[in-house]
Amino acid sequence: MNAESLSFEKQLDLFSERGMKVNRENKEKNIGKLKTIGYYRLKEFAKPYSDITQSETGEISIKYNNISFDNIVGRYYQDKNLRMFLLHAIEKIEVSIKTNLAYILGKKYGAFGYLNFSHWASKKKYSKFEILEKEYQFKKQLKKSIKKTSIDDVNYDKNKEADGFPSVWITMNVLMFGEMVNIIDLLPSKSLRELASKYDCKGEEFISWIKTLNLVRNICAHNSNIIDFKLKTKPIYRKKWSNYLCTIQSNDNDILTDKFAVILIIIKHFIFRINSKYYWSNINKSLLKITNKLEQNARRIGFKNCESLNQFIKVSDPS
């Protein structure tokens, strides 16, 4: 079947025909939400409440269960608010890690030693050619970032070496989160352990967790659905996390979930070690609104039940 153009009213009818509860008395308001948010964005937030089947001819059939149009709009706005609060927390983690990383590199290799990857990058993880290639790509991107930054200190001669690259302390403030992760991934074991120890974790845990946070940051920054997100590559889990996380079936075995709750635990682990008095109220309120005291909603985002969610909210350090 070819896609066809539908009016906003027809789009609302399509939700209704597929089993979604639509309050006809609020027709104009509902159409207004479709105009503002968009059909496919709302459809995405309705997916956890849908049964999707495919006929032998390949035709897709969708049936919504126990959900209203108002509920879906509410999920969209709750997700939007939560993404903003998560970005604030992740930014705090990013700033802290960059500061500690710059200190370690500066202390060991000087202001500009970080530019020579062959002097410090892990030769156990990467070949000489790979290290040279990563250095080239890093410098190429750093040149672009320098041109865009508003940091005045990059323009002072005392802060630059012969090729115009800034000191490690300035560079860390210029890098994007993903670029910072790439640098950390290159660290030799001793330097990685030193950095990871500042956040009470092992090097392998640290790398897997910040890679997860980088992915989450990109999702939040690009307005994608975060509450229904599932991790394709699982980070390293800690045994204590099973106090909060639900399990899923995989090859006849029960394994811990790959859903949103995992991300929350990682964020809370880092934040507790950066600022134990961090203001969690906005995130907590969002979680309670999203779950609405319903067990199935708590499980949908990865918690065992509402009780485990409440325990997570109350505890300062889930690890």
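Below is a table of values for the structure above.
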| item | result |
| --- | --- |
| Rg in Å to one decimal, and Dmax rounded to a whole Å, for the chain via C-alpha atoms | 23.5, 70 |
| Relative contact order %, the chain, counting alpha carbon pairs below 8 Å whose residues are six or more apart | 16 percent |
| Inter-site label distance for ASN243 and GLU133 at 7 Å from Cα along Cβ, in nm | 4.4 nm |
| Folded to 0 to 90 degrees: helix 27-37 orientation relative to the chain principal axis, Cα | 20 degrees |
| Protein accessible area in region 204-310, 1.4 Å probe - carbon and sulfur % | 46 percent |
| Hits among lysines - C-alpha to C-alpha of LYS293 under 21 Å, sequence gap 8 or more where chains match | LYS21, LYS47, LYS80, LYS259, LYS285, LYS304, LYS314 |
| Test item: Cα-centred dipole of region 1-121, Lys/Arg +1 and Asp/Glu -1 on Cβ, debye | 620 debye |
| Span from the region 77-128 Cα centroid across to the region 130-196 one, whole angstrom | 9 Å |
| log10 of Debye I(q)/I(0), alpha-carbon scatterers only, for region 12-147 at 0.12 Å⁻¹ | -0.72 |
| Shape parameters for region 95-142, alpha-carbon atoms, Rg then Dmax in Å | 11.4, 31 |
| Distance (nanometres) between label positions extended 7 Å along Cα→Cβ at TYR103 and LEU14 | 5.4 nm |
| Dipole of the chain, positive direction: furthest Cα of ASN223, PHE15, PHE303, with charges on the beta-carbon | PHE303 |
| Cβ-Cβ FRET estimate between GLN296 and SER276, R0 fixed at 30 Å, reported to 0.05 | 0.35 |
| Relative counts (whole %) of C-alpha pair distances in region 201-319, using bins that are 5 Å wide | 2, 11, 21, 25, 23, 13, 3, 1, 0 |
| Overall form of region 105-191 per C-alpha gyration tensor (a/c, 1.5; a/b vs b/c) | prolate |
| Given charges at beta-carbon only (K, R positive; D, E negative), |dipole| of the chain in Debye | 780 debye |
| Under-5 Å amide H pairs with LYS21, H placed in peptide plane, nonlocal only | ILE67, SER68, PHE69 |
| Cα long-axis angle, helix 8-17 against the chain (0 to 90 degrees, to the nearest 10) | 70 degrees |
| 3J(HN,Hα) from dihedral phi, region 249-263, Karplus parametrisation 6.51/-1.76/1.60, rounded to Hz, x for glycine, proline | 7, 8, 6, 6, 10, 8, 10, 5, 4, 10, 8, 3, 4, 4, 4 |
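The values are calculated or read from the model by the stated rules, or taken from the named source; none is laboratory data. In this text the structure is predicted, and so the values were computed from the model without any measurement. Positions of Cβ are backbone-derived with ideal geometry, glycine not excepted, and every protein chain shown enters the neighbour counts. With ligands, DNA and RNA removed, areas are computed over all heavy atoms of the protein, side chains included. Shrake-Rupley method; radii C 1.70, N 1.55, O 1.52, S 1.80 Å.
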